[in-house]
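S.K.: Sharing a structure, written as structure tokens. Questions coming.
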Amino acid sequence: MLTFGLGGEKGQTVSGTLDAVLKGILLECNARLSGELRDLQRARPAPGHLLFFVGPGALVEEGVSVAEAEIGLPAAAADAIETERLRQQRRIQKKDPKAATVVWLANAPLALASIASDKWLNDGNMASYGRSPPFGILGRFESNLNGVTLIAPLWIWHEGW
């Protein structure tokens, strides 16, 4: 919920709900203006910053292994990401046995991955653009895993719509 108040003798309040896209745009804009946004095409990832990337990559759906995404990740990195994906998926399945994960991947200029619950996917959009890069991501630094930077996703999108 977002509320704005206007002062003066006849104060007025306007309330509304921000959708996920607008929230993502506001977060990105604020981080960019404050210097807390790291564009991973130009800068190294760092804890304490929002991370941003738009470029070639892949979205790996449930039932498909990370190794099948042909983006040039070394086998050891793909295996480590898949192991982490399964660990996270088991964790979310404790609350929802039908839950699954999707993995966002990029490998230029450095290896990047993000593991997201499919709960937040728009299935119609995913069916349309899931195999068509470029993709964008906005998120926070999660960890380094076998040479791959993991990003906790706030927003993943198809660029160019």
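Bear in mind that the values in this text are calculations on the coordinates, not laboratory data. Keep in mind that this is a model prediction, so the values were computed, not measured. Note that we place each Cβ from the backbone using ideal geometry, even for glycine, and neighbour counts take in every protein chain shown.
S.K.: Which pairs break 22 Å Cα to Cα here: Lys94/Lys119; Lys23/Lys94; Lys95/Lys119?
M.R.: Lys23/Lys94
S.K.: Could I ask something else about it? Among Ile115, Ser143, Trp157, pick out the residue whose Cα is farthest towards the positive end of the charge dipole of the stretch 13-158, where Lys and Arg carry +1 and Asp and Glu carry -1 on C-beta, about the Cα centre.
M.R.: The Cα lying farthest towards the positive end belongs to Ser143.
S.K.: Report, to the nearest 10°, how far helix 20-34 tilts away from the longest principal axis of the Cα atoms in the chain, using its own Cα long axis and a range of 0 to 90°.
M.R.: That works out to roughly 80 degrees.
S.K.: Test of understanding: what is the full-extension gain from Leu33 to Asp118, defined as 0.36 nm times their sequence separation minus their Cα-Cα distance?
M.R.: Separation in residues times 0.36 nm, less the Cα-Cα distance, equals 27.5 nm.
S.K.: Okay, next question. Using Cα atoms only, what is the angle between the long axis of helix 75-93 and the major principal axis of the chain, expressed in degrees (0 to 90) to the nearest 10?
M.R.: Between helix and principal axis, roughly 50 degrees.
S.K.: With unit charges on the beta carbon (Lys/Arg positive, Asp/Glu negative), name the residue among Gly72, Leu37, Pro56 whose Cα is farthest towards the positive pole of the charge dipole of the stretch 31-145.
M.R.: Leu37
S.K.: Once you have the Cα-Cα distance between Lys94 and Gln41, take 0.36 nm times their residue separation minus that, and quote the gain in nm to one decimal.
M.R.: Gain in length upon complete extension: 15.4 nm.
S.K.: Another one. Quickly estimate the mean residue ellipticity at 222 nm for the chain, helices only: each DSSP H run with n ≥ 4 gives -39500 (n - 2.57), and the total goes over all residues, rounded to 500.
M.R.: Working: 3 runs with 41 residues, N = 161.
Dividing the helical sum by the residues of the chain leaves -8000 deg cm²/dmol.
S.K.: Sticking with this structure for a sec: Given an 8 Å cut-off on Cα distances and at least 6 residues of separation, report the relative contact order of the chain as a percent.
M.R.: This gives 23 percent for the chain.
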